Amino acid sequence: EHSMATAQERSTVSVLRDPNQSETRAVEIMSVGLLDGKGQPVRGFESGGPMTLAIQLLANRDVGDFVCGMAIRRTDGLLVAGTNTLLDHVSVPSNPPGRVISIRFNIDSLPLVAGGYVVQVSAHDVANSVRYDFSDAAASFHVGDTGGHVGLLEMRGEWRVEREDGVPTGGAVRESTG
């Protein structure tokens, strides 16, 4: 079974590491938190509401500019979304050893339907050839019931029904197959 299917729900964690992964720890993930619109740590969100991913990293070596990334997976392992500071044109500058770096990723309107989700976090060099640190289940959260909508995303569409004049009565026309 996928490792994220058994992840404990938590809003702020000291990161658990996979002993089978090889990271240099030149930049280390210290903690990952999920915050609501008021900046409070939570693990339950509503579809359409704000969510902030708060990451604290520790520079153990000066590695020059580096990249911080995140991914959201459904608890069955399906990748829902992922991005990083390089893709979003945000620079994470060089830091001397011992410096703590705080990074936040703000989502104004969380588009997910009801269900459980896990956040992965990584730190790596700009060329993506050296992975400094990675947490497979850095945090987890749940999105509350969205009124029965299904799938992955809350589409936020709008239905419109209009009456057409001059259309014969008797119901909709359906084409039969067969």
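The values are calculated or read from the model by the stated rules, or taken from the named source; none is laboratory data. Remember, it's a predicted structure, so these values are computed and weren't measured experimentally. Glycine also receives a Cβ, built like all others from the backbone with ideal geometry; neighbour counts cover every protein chain displayed. Areas reflect the complete protein model, heavy atoms only, side chains present, ligands, DNA and RNA absent. Shrake-Rupley method; radii C 1.70, N 1.55, O 1.52, S 1.80 Å.
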### Task
Any chance you could look up the accessible area of ASP165 with a 1.4 Å probe, heavy atoms only, rounded to 10 Å²?
140
### Query
Once amide H atoms are placed 1.01 Å from N in the peptide plane, what residues at a sequence separation of 5 or more from LEU86, or on another chain, have their amide H within under 5 Å of its amide H?
CYS68
### Task
Taking 7 Å along the Cα-to-C-beta vector as the label spot, tell me the MET155-LEU79 distance in nanometres, rounded to one decimal.
2.5
#### Entry: Fully extended contour minus Cα-Cα distance, from ASP65 to ASP145, at 0.36 nm per residue
24.7 nm
### Query
Using Cα-only point scatterers and the Debye equation, what is log10 of I(q)/I(0) for the range 41-173 at each q in 0.15, 0.23 Å⁻¹, rounded to two decimals?
-0.79, -1.38
### Message
For a quick check: with amide H placed at 1.01 Å from N, whose amide H comes under 5 Å from LEU110's, ignoring anything fewer than 5 positions away on the same chain?
### Response
GLY48, GLY49, MET51
### Query
When the Karplus curve 6.51 cos²θ - 1.76 cosθ + 1.60 is applied with θ = phi - 60°, which whole-Hz ³J(HN,Hα) does each residue of the range 72-86 get, with x for Gly and Pro?
10, 10, 5, 5, 8, x, 5, 5, 9, 6, x, 7, 8, 5, 5
### Query
Can you run phi through the Karplus equation (6.51, -1.76, 1.60; θ = phi - 60°) for the range 103-109 and list ³J(HN,Hα) in whole Hz, with x for Gly and Pro?
10, 10, 10, 9, 10, 5, 9
### Message
5 Å is the cut-off here: which amide hydrogens, built 1.01 Å from N in the peptide plane, fall below it relative to ASP65, excluding neighbours closer than 5 in sequence?
### Response
SER94
